[in-house]
Amino acid sequence: MATDLAAFVDAFRRIDLPDRPPAYPGERRTRAPMAAMDSSTRKAIGQLDGLIDTRAALASWEESFAAPYDGREVLVHSDLTPSNLLVSAEGGLTAVRDFETCGVGDPAYDPFPVWYLLPANVRDEFRAALDVDDATWLRGRVLSQALIVLAHHKDTNPTLANDARHAIGEVLATPG
């Protein structure tokens, strides 16, 4: 799965379309993409007090938020969550769906699914296959999406909430 997912991300990054839209079309994005997520991430952390270790989540978010970004942009899927990846019985990636939020963005948008999907012992394989530098890896391990999903779905969608809780636990258990 790690190599399949890395191959998809790598191939997607290499697509060169004219007039590529920004990732998350319709939403305001900045040259510093994490800045656009800061307020909603901090709000989600506040809403999850008692459900997760909010101090650790905030520290992790701030560490990722502080990681430098050189402004390089690539075509990203930006929503590689478990519900958007179809996996064979043998564990190989067979399809990717939901391209609604794909567009040009920070290469860190697409490494974050490793904390949703991949066991810790194969994350380095994914990282090496994409040749992800330290700053991009740190930005890519952001909790933002998982925190927001958990805050929004904790009482309404147990599957999404459990996936998000799992990703949060994996990120918090992984040193920067």
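The values are calculated or read from the model by the stated rules, or taken from the named source; none is laboratory data. Bear in mind the structure is a predicted one, so any value in this text is a computation, not a measurement. As a convention, Cβ positions derive from the backbone with ideal geometry for all residues, glycine included, and neighbour counts pool all protein chains shown. These accessible areas exclude ligands, DNA and RNA; they are computed on the full protein's heavy atoms, side chains included. Shrake-Rupley method; radii C 1.70, N 1.55, O 1.52, S 1.80 Å.
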The simple spin-label model distance between T3 and L51, using points 7 Å out along Cα→Cβ, in nm, is 3.8
Taking a crude spin-label model, label points 7 Å out from Cα along the C-beta direction, the A120 to A11 distance in nm is 3.2
FRET efficiency (R20, N84; Cβ distance; R0 25 Å; to 0.05) is 0.80
Whole-percent carbon and sulfur contribution to the accessible surface of the chain (1.4 Å, no ligands, DNA or RNA) stands at 52
Per the rule of 0.36 nm per residue minus the C-alpha distance, extending A135 to F99 adds in nm 10.4 nm
Counting only protein heavy atoms and leaving out ligands, DNA and RNA, the solvent-accessible surface of E73 at a 1.4 Å probe, in Å² to the nearest 10, equals 70
Among beta bridges assigned by DSSP with both residues in the chain, the antiparallel ones amount in percent, to the nearest 5, to 75
Relative contact order in percent for the chain (Cα pairs under 8 Å, 6+ apart) equals 30
